[in-house]
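Read through the structure below, which is laid out as structure tokens, and then see the notes.
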Amino acid sequence: MPELEDDVTDLALLKETAWAVIREKEASIRELALRILEHPELGYQEEKASQWITEMLGAAGFEITQPYGALPTSFLAKKSSGDGPTIAFLAEYDALPGVGHGCGHNLIASAATAAAIGVAGVIEKLGGSVCVIGTPAEEYMGEEEGKVKLLRAGAFEGVSAAIMLHPNYYKQVMGRDMGFIAFELNFQGKPAHAAADPWNGLNALDGLLATFNNINALRQQMQPDVRIHGIISNGGQAPNIIPEFAQAQFMVRSRNPKTLEEAYERVQACAKAGALASGTEVEIRKITTVYNTRILSTMSELIEENYRQLGEPITADPYMMDASSDFGNVSQEIPAVMFFIDTHPEGIAWHSKEVAAGAGEESALQAMLKGAMVMAGAGIDLLGEPMLMDQVQEEFKSYDNE
């Protein structure tokens, strides 16, 4: 590990020191990633993963707050040295049902832990704070995601900037992603015998099917980036009974919040029209809103620069992701960057058992460690260069979501 003098302010040397700390901890970081992989836990049930991460960070001198933001499996692990910015590395560690870590969240959690430990090794030379925020339940499972709840609870107050990585096919910065609104439609009608006296019934399924048809007619008038997809989760009890109740689950997606909210309003009108046409009543229950990620060029360039400093420049174009993450909600509130690491072969189906198996391979673990070094380097830049942090904050304030 490079020797640090008392008056050292050279960021390059501080990075070398932080990276050396990560290399020294490589065995325990790998072991953490594999333990989480081998013991997958669904959202809001990640008790083991949360415990293992906080134990490692606590042993490294971090002050642990758990539960955090009123979520039992969330946590804040923080190490400070005087005044200055607070840099947060975000950890995800929930798995998928029937698949396990088919999104590689075991790698996200371990990289955030490693990056924070690296920065903590030089925090006294920088000032400010480094922290890991444990964010459970990123995968949408029919309820609000962890970061959405944490934001509402004020868990990100005082954080100057947030950084997170995600497994993928290539080393890339984010080019775009999509937000979504998830909601439930509950149609209430009146039952009757479907043959003997159907005129005495009010068909809830008809109201729901009319809604689907209305939405299909609406698609032509939607912005090109809008996606609307849904399923019927309850279509009645028997074919000889006019359905008294029908239910559907829907998601509406778009690349910016304004278009997203407008599309949601139009879809609600489709459901109300379906109810009107069928003589039924509809309850529209919004479940969650996940926004698109703000792409800040200053933060993206910082990731690219640290990859270059590590001798592995990014050559792939920014990732144009037509999926969603609750990381977007964080980026709407504070400056944040998520980038991608080259853990899996191109073409492998995401959210699959193949991804889960690959999340324990040597190539994935090596990419995770390199990504952790990039995160640590970017954190040191933000802590050690006040003008850079000012530039990030200014770009965030002037960001145009359109």
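The values are calculated or read from the model by the stated rules, or taken from the named source; none is laboratory data. As the structure is a prediction and not an experimental result, all values here were calculated from the model. Neighbour counts run over all protein chains shown; Cβ positions are idealised from the backbone, glycine included. All accessible areas refer to the heavy atoms of the entire protein, side chains included, with ligands and DNA or RNA removed. Shrake-Rupley method; radii C 1.70, N 1.55, O 1.52, S 1.80 Å.
Please find, among Ala378, Ala367, Ala316, the residue that is farther than 13 Å from Asn168 by Cα and either out of contact with any Asp or Glu (no Cβ under 9 Å at 6 or more places or on another chain) or touching a residue at least 40 places away in the same chain (Cβ under 8 Å) (or both).
Ala378
Quick one: which residue in Ala27, Ala33, Ala60, Ala77 is open to solvent by 40 Å² or more (accessible area, probe 1.4 Å) and hydrophobic (A, V, I, L, M, F, W, C)?
Of Ala27, Ala33, Ala60, Ala77, the one residue that is open to solvent by 40 Å² or more (accessible area, probe 1.4 Å) and hydrophobic (A, V, I, L, M, F, W, C) is Ala27.
Any residue in region 38-65 that's in contact (Cβ under 8 Å) with a residue 12 or more places away in the chain and under 30 Å from Gly142 (Cα atoms): show its pairings with residues that are open to solvent by 70 Å² or more (accessible area, probe 1.4 Å) and part of a strand (DSSP E or B) at Cβ separation under 9 Å, as long as the two are six or more apart or on different chains.
Going by the 9 Å Cβ cut-off, the qualifying pairs are Ile64/Lys78; Thr65/Lys78.
For region 338-361, state whether one or more residues are under 20 Å from the mean Cα position of the chain (by Cα), at pLDDT 95 or above and under 18 Å from Ala161 (Cβ atoms).
yes
Which of the residues that make up region 156-175 are under 22 Å from Arg255 (Cβ atoms) and of a type in the set (Ser, Thr, Tyr)?
Tyr169, Tyr170
Out of curiosity, is Ala95 open to solvent by less than 60 Å² (accessible area, probe 1.4 Å), closer than 19 Å to Lys149 by Cα, touching a residue at least 40 places away in the same chain (Cβ under 8 Å) and touching a Leu at 6+ places or on another chain (Cβ under 7 Å)?
yes
Might you let me know whether region 163-183 holds any residue that is in contact with a Cys (Cβ under 7 Å, 6 or more places away or on another chain), in contact (Cβ under 8 Å) with a residue 40 or more places away in the chain and open to solvent by less than 60 Å² (accessible area, probe 1.4 Å)?
no
Of the residues Glu143, Glu139, Glu244, which is closer than 30 Å to Ser50 by Cα and open to solvent by 70 Å² or more (accessible area, probe 1.4 Å)?
Glu143
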